Amino acid sequence: MKVPFVDLKAELRDLGDEFEKTITRVCDNGLYILGAEVAAFEREFADYCGVRHCIGVGSGFDALQMIFRASGIGPGDEVIVPAYTAVATWLAVSAVGATPVGVDVDPRTYNLDPSRISAAITPRTKAIVAVPLFGQPANMDAIAAQAARCGLLLFEDAAQAHGARYRGRRTGGLARAAAFSFYPTKNLGALGDAGAVTTDDDELAERVVLLRSYGWRNRSASEVKGFNSRLDELQAAILRIKLNRLERWNSERRARAERYLDELAKIEEVTLPEFPGDVEPVWHVFAIRAEKRAALQEHLAANGIQTLVHYDPLPHLTSAFRDDGWAEGALPQAERLAQRALSLPMFPQLTLSDCDEVISAISSSVTAADGRL
Ligand SMILES: *Cc1c(COP(=O)(O)O)cnc(C)c1O
């Protein structure tokens, strides 16, 4: 493989020594769960997002579940989710016993289309989850206006958008609460599973603190039926090191995205991602669209370039949600996108000459004698 989709070991060249020292330091502390590293990371990440509270938890999926549980969402409730997202967004709604209701997306941005939300609202609807997909915030003002008009809670699934901005404000602070994942491939990733909830709501924060650890306040009697979903000291210590690099890494992603955008704009057969001027994406994923996606992906693979498809099938067309009554054609904009989207290599240590290899392979696919695209 000449150009991998992502190379998680690349950061070890810079950070390996610091990781080793940090792991030794945490081991020497002899306290591995909910200690000083977690508290420090929570403070630092809350400051980074511009919110009062960050609660470290076990994964992005758990962060979503605990936001729902802390907000009283459960069986009989409906939660509006984008049609185009990782299946985790939908599954977290199901996990608390509620029903995810998919709403179609704006094909230019892949994000929740605010104008389609009202048709999906029923007397059971409790909340909307906006997902800044691929690192690009949705049209939050329009979505918040819909939520306010109908008395719904608004949350963010910000698992792909650490550091992205909407009208100058960072994700994590754009709704009542946000869920972050620190899965290793995310823009801010741990060396294993990890996640966080961010919020300005003191009560919600307190409930999540109880929920993540058996409903305990001080290892006392369980106040609520909690989970065990805590952020480890080791992961928190690693995340603190990486949080210091996040702005630089996001700007390196931006430079690679700009190279792709500039050069691929010359290729008519490729549709590029679009983003409005009031949004600063962090390019977790760089997804193009091509009518003959399978042929393009094959051609790139033959040229040593690894690509992925996010997401096909979409959550509503997986067998997990078949019983909920979804069928093909229910969310047509998202379905069209899902058949054409192809994610190109994107990570901070990807070189610009690697990007150029990708670009020239796409261009040779278009001009191939058999007219591949
Ligand atoms: C990765 C991801 C999640 C799940 O995060 P985990 O930490 O893997 O549980 C949820 N939503 C979206 C949009 C994601 O990309």
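Okay, here's what the table says:
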quantity	calculated
Shape parameters for segment 8-243, alpha-carbon atoms, Rg then Dmax in Å	17.7, 57
Of LYS186/LYS292; LYS2/LYS292; LYS9/LYS225; LYS242/LYS292, those spanning more than 30 Å from alpha-carbon to alpha-carbon	LYS9/LYS225; LYS242/LYS292
Farthest toward positive dipole pole in the chain [+1 Lys/Arg, -1 Asp/Glu at C-beta], among SER213, HIS162, ALA327	SER213
Value of [θ]222 nm, deg cm²/dmol, for the chain, DSSP H segments ≥ 4, -39500 (n - 2.57) each, nearest 500	-12000 deg cm²/dmol
Helical segments meeting 18 Å axial Cα length and Kyte-Doolittle -1.0 threshold in the chain (DSSP H)	12-29, 36-49, 233-264, 352-367
Gain on full stretching of the segment that runs from ALA145 to ALA221 - 0.36 nm per residue minus C-alpha separation	23.3 nm
Whole-number percent relative contact order across segment 48-130, with pairs defined as alpha carbons under 8 Å at least 6 apart	31 percent
Under 15 Å, Cβ to Cβ, from ASP201 - net charge with Lys/Arg +1 and Asp/Glu -1	-1
The chain: most fluctuating residue of SER222, SER343, SER71 per GNM, C-alpha cutoff 10 Å	SER222
Highest-fluctuation residue, VAL93, VAL51, VAL129 considered, GNM on the chain with Cα pairs under 10 Å	VAL51
Net charge over other residues, Cβ less than 12 angstrom from the Cβ of GLU263 (K, R count +1; D, E count -1)	-1
The chain: relative contact order in percent, alpha carbon pairs under 8 Å with at least 6 residues between	22 percent
Estimated distance in nm for a label pair at SER115 and GLU44, the labels positioned 7 Å out from Cα along Cα-to-Cβ	4.4 nm
Prolate/oblate/rounded call for segment 247-366, Cα gyration tensor, a/c under 1.5 rounded	prolate
Summed residue charge, Cβ within 15 Å of ALA158's Cβ, Lys/Arg positive, Asp/Glu negative	0
Segment 247-366, relative contact order [Cα under 8 Å, separation at least 6], %	37 percent
Overall form of segment 100-228 per C-alpha gyration tensor (a/c, 1.5; a/b vs b/c)	oblate
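Computed from the coordinates by the stated procedures, all read-outs in this text should not be read as laboratory data. Quick caveat, the model's predicted, so the values are computed rather than measured. In this analysis, Cβ positions are derived from the backbone assuming ideal geometry, glycine residues included, and neighbour counts consider all displayed protein chains.
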